[in-house]
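Values quoted throughout were computed directly from the atomic coordinates according to the rules given, and no laboratory measurement underlies them. Quantities reported herein were computed from a predicted structural model and do not represent experimental measurements. When we count neighbours, we look across all protein chains shown, and the Cβ atoms used for this are built from the backbone with ideal geometry, even at glycine.
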Amino acid sequence: MQCDPEVMKTGLNTLRHLAVQDPMEIVVPFGIFVAAFLAGLLVRRLLLKALKAWSDRTDSNAGQALYHSLRGPVMIWALILAAHLAIQGSDLPLVFTAWMSNVLLALWIVSLTMMCCRMVGDLVRRYGNQVPGAMPVTTLTQNLAQISVVIMGGLILLNHFHVSITPILTALGVGGLAVALALQDTLSNLFGGFYVAVAGQVRLGDYIKLNTGEEGYVTDIGWRSTTMRAMANNLVVVPNAKLAQAIVTNYHLPEKRMSASFSVTVGYECDPDEVEQLLSDVLSSAVGAVKGLLETPAPAVTFDPGFGESGMVFLLSVQVGEYADQFPVRNELRKRVLRALRQAGVGIPYPARTVYLPGSGSLPGQGKEN
């Protein structure tokens, strides 16, 4: 709101006259302001204390979000109310009261926008995954929700001051091309992250592996990059544009359960049926005793690939709960298989080569083994 300089000068002269001739006209509104502000702070403390106790007692996520959202704005509202009451109880010039009223209203709109922005972010984070068909809750989705609230608050504020948004939209449209050219990488990462979040093929908590070799649990999808936590507990940061173009293997889709296998080689002097039965017994006894090993589908032993260079090769296949379970499961099963083979007297052959030397008089079957 713009004021006429002459009107402003007259208002300042009137205010100076009140301060000199009748100081109580300044002291009384100031006292009203202080008293109202202190009363507002007391109400704020009691309100937040009651809201905190209720949210802790009921374990309500909405109550906790409301509590954190109101802590700052309520103090601003107390300040606005105190200033409003002080203005109403004063004989200040109209130019000052009108100007202060507009400032207080703008401050109220800004504080309400701040509260709604923080509350929307908390609600999206706490309840976003419970909404059927909603986007996964990531930093990107929270930022988009909060930006939407800020835009609405800005439009309301501009409308209050009678500012037309048409020239602003026109300027944005003209400058949009230049901005897009200058921020190609940033915009490609932004839309890449939006695509990844909306597609639902990569979700928070999924274990993924890229064709470039990076792998880990997805911890966050931001506006610029996606963060993964590797098995070594390190963070791997991948730009969203690269992730959107990569060949991704998701070990948690369509389900977390997956197969794990390892091979066992025994000597050719062993009976394959007896070895197969022995290995099947080892796997059956491990079900329920080895953490992460699933009962269904049942573990299987196959004579595959079968004939190896040094012995008969059997493939042991099991089902584990998720990707990370395969490593401790295989570790424990290998130890169980080794103990069972030793107890049964089944030998595990070592690689051997028979070398025939020309002119040494060696006959097949009588050469040196190295």
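Rounded if a/c is under 1.5, else prolate if a/b beats b/c, else oblate: with a ≥ b ≥ c from the C-alpha gyration tensor eigenvalues square-rooted, which is region 258-344? Note, shape of region 258-344 comes out prolate. Remark: spin-label model distance GLU295-ARG71 equals 4.8 nm, labels positioned 7 Å along the Cα→Cβ axis. Separation of the alpha carbons by more than 18 angstrom is noted, of LYS209/LYS335; LYS209/LYS242; LYS291/LYS335, for LYS209/LYS335.
Per-residue Cβ neighbour counts within 10 Å put LYS49, LYS256 in the sequence LYS49, LYS256, beginning with the fewest.
Here the spin labels are modelled as points 7 Å beyond Cα on the Cα-Cβ line, and at LEU105 and LEU38 they lie 3.2 nm apart.
Multiplying the residue separation of ARG353 and THR212 by 0.36 nm and subtracting their alpha-carbon distance yields 46.9 nm.
Would you please give the FRET efficiency between ARG339 and ASP59, computed as 1/(1 + (r/R0)^6) with r the Cβ-Cβ distance and R0 = 35 Å, to the nearest 0.05? Result of the calculation: an efficiency of 0.10.
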